[in-house]
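Some notes on the structure that comes next.
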Amino acid sequence: MAKTVTVDTLRRMKTDGEKITALTAYDHSFAHLVDKAGVDVVLVGDSLGMVFRGEENTLNVTVEDVAYHTRAVKNGISRAFLVADMPFLSFQISEEETLQNAGTLIREGAQAVKLEGASKQVLLFTERLIETGVPVMGHVGLTPQSIHQLGGFKIQGKQLETAKKITRQAIDLQNAGAFAVVLECIPADLAGEITSILRIPTIGIGAGPDCDGQILVINDLLGLTSGFRPKFVKQYVDLGDIVEKAIKEYVSETQNGVFPNDSQTYKRSETGQKILVNRKERGE
Ligand code: KIV
């Protein structure tokens, strides 16, 4: 069996110039396939609110939701490094709540947690988590939990001022002890510069090819998301179409009596003997 991935593996991959692959997963079946396919990092993202539950944004996701999905995903993984997202308001209120919430996710099987943003408080809590033994992945650029402040799902860091701010945030997260940082929806050249400045790996989503690794939402990659698809997504298969065709065939075969056939049916060992039930036994 291939060696399991750790934070040290990810650091070494950056040093050796080996690209890191990451994907989200929300359930056991897909986690198993993602792991088997050789993905290095699996993220139980709070994107589950949107892709799994069909909500407009990620703000409604709770620690209990992420914990539930983390348990399912953990059971499907044997090699990949498992990261769980700290959802909105799970790491902003107090140090105590942050540690408790991270602890809940770690107990369910996560090996690290991801926090969005790099405010003073996030940096402080990142340090505390690391002191407690919980590895932290940072996340800057487009941070969906601040969607109302950002005014929508928009590319960040196009102007010099915001580009500098994002660079500073990534450096601060590294200095606070984060083992990696997600760069979401920023110009490729900015992501490349941040990647060359940092000692820790950058994992890009909509941040061009020069990051140390890439992450995508699994439903986007597999063609299971309906509606708007961001420019940065590459859909590798139209699983939505394949699944719909299979379900239509099942419906049609069931309606026409084609399913189940003999090979999908159990038989009694003694055949030919009718079960006789009298009127009393029938309750008539
Ligand atoms: O929640 C999520 O899936 C994420 C990735 C898009 C990085 O944060």
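Numerical summary
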{"quantity": "Segment Lys154-Thr132, extension gain: residue separation times 0.36 nm, minus the distance between their alpha carbons", "calculated": "4.5 nm"}
{"quantity": "The chain: antiparallel DSSP beta bridges as a percent of all, rounded to 5", "calculated": "0 percent"}
{"quantity": "Using θ = phi - 60° and Karplus 6.51 cos²θ - 1.76 cosθ + 1.60, couplings along the range 175-180 (whole Hz; Gly, Pro as x)", "calculated": "5, 6, x, 4, 8, 6"}
{"quantity": "GluC sites (Glu not before Pro) restricted to DSSP loop in the range 164-252 with at most 10 other C-beta within 10 Å", "calculated": "none"}
{"quantity": "Additional length obtainable on full extension of the chain from Ala188 to Ser29, 0.36 nm per residue less Cα span", "calculated": "53.9 nm"}
{"quantity": "Vicinal HN-Hα couplings computed from phi for the range 17-33 (Karplus, 6.51 cos²θ - 1.76 cosθ + 1.60; Hz; Gly/Pro x)", "calculated": "x, 8, 5, 8, 10, 9, 8, 7, 8, 10, 9, 5, 4, 6, 4, 4, 5"}
{"quantity": "Positive-end residue, the chain charge dipole about Cα centroid, Cβ charges, pick of Thr143, Leu239, Ser196", "calculated": "Leu239"}
{"quantity": "Selection from Thr4, Asn75, Val41, by position along the positive dipole direction of the range 1-82 (Cβ)", "calculated": "Thr4"}
{"quantity": "Where labels lie 7 Å past Cα in the beta-carbon direction, separation of Gln273 and Thr162 in nm", "calculated": "7.9 nm"}
{"quantity": "Taking Val83, Val258, Val233 and counting other C-beta atoms within 10 Å, the order from fewest to most", "calculated": "Val258, Val233, Val83"}
{"quantity": "Net dipole in debye of the range 7-241 [+1 Lys, Arg Cβ; -1 Asp, Glu Cβ; about Cα centre; nearest 20]", "calculated": "400 debye"}
{"quantity": "Dipole-positive endmost among Gly117, Gln174, Val66 within the chain (Cβ charges, Cα centre)", "calculated": "Val66"}
{"quantity": "Protection proxy ranking, peptides 53-62, 34-43, 234-243, average beta carbon neighbours within 10 Å, highest first", "calculated": "34-43, 53-62, 234-243"}
{"quantity": "Distance in nm between pseudo-label sites at Ala37 and Glu55 (7 Å out along the Cβ direction from Cα)", "calculated": "2.6 nm"}
{"quantity": "Cut-off under 5 Å, modelled amide H: who pairs with Ala180 long-range", "calculated": "Gly138"}
{"quantity": "Mean residue ellipticity (222 nm) of the chain, computed from DSSP H runs ≥ 4 via -39,500 (n - 2.57), nearest 500", "calculated": "-12000 deg cm²/dmol"}
{"quantity": "Estimated vicinal HN-Hα couplings, Hz - the range 161-172 in sequence order (Karplus 6.51, -1.76, 1.60; Gly, Pro = x)", "calculated": "4, 6, 5, 5, 4, 5, 4, 4, 4, 5, 5, 4"}
{"quantity": "Dipole in debye (nearest 20) - the range 44-104, about Cα centre, beta carbon charges: Lys, Arg +1; Asp, Glu -1", "calculated": "440 debye"}
{"quantity": "FRET efficiency, Thr62 to Lys280 (Cβ-Cβ, R0 51 Å, nearest 0.05)", "calculated": "0.35"}
{"quantity": "Reachable aspartates and glutamates, given that their alpha-carbon falls under 19 Å from the alpha-carbon of Lys19 and they are not under 8 places away in the same chain", "calculated": "Asp8, Asp35, Asp40, Glu184, Asp189, Glu193, Asp210, Asp212"}
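Values quoted throughout were computed directly from the atomic coordinates according to the rules given, and no laboratory measurement underlies them. Not measured: the values here are computed from a predicted model. FYI the Cβ positions are ideal-geometry reconstructions off the backbone, even for glycines, and counts take in every protein chain you see.
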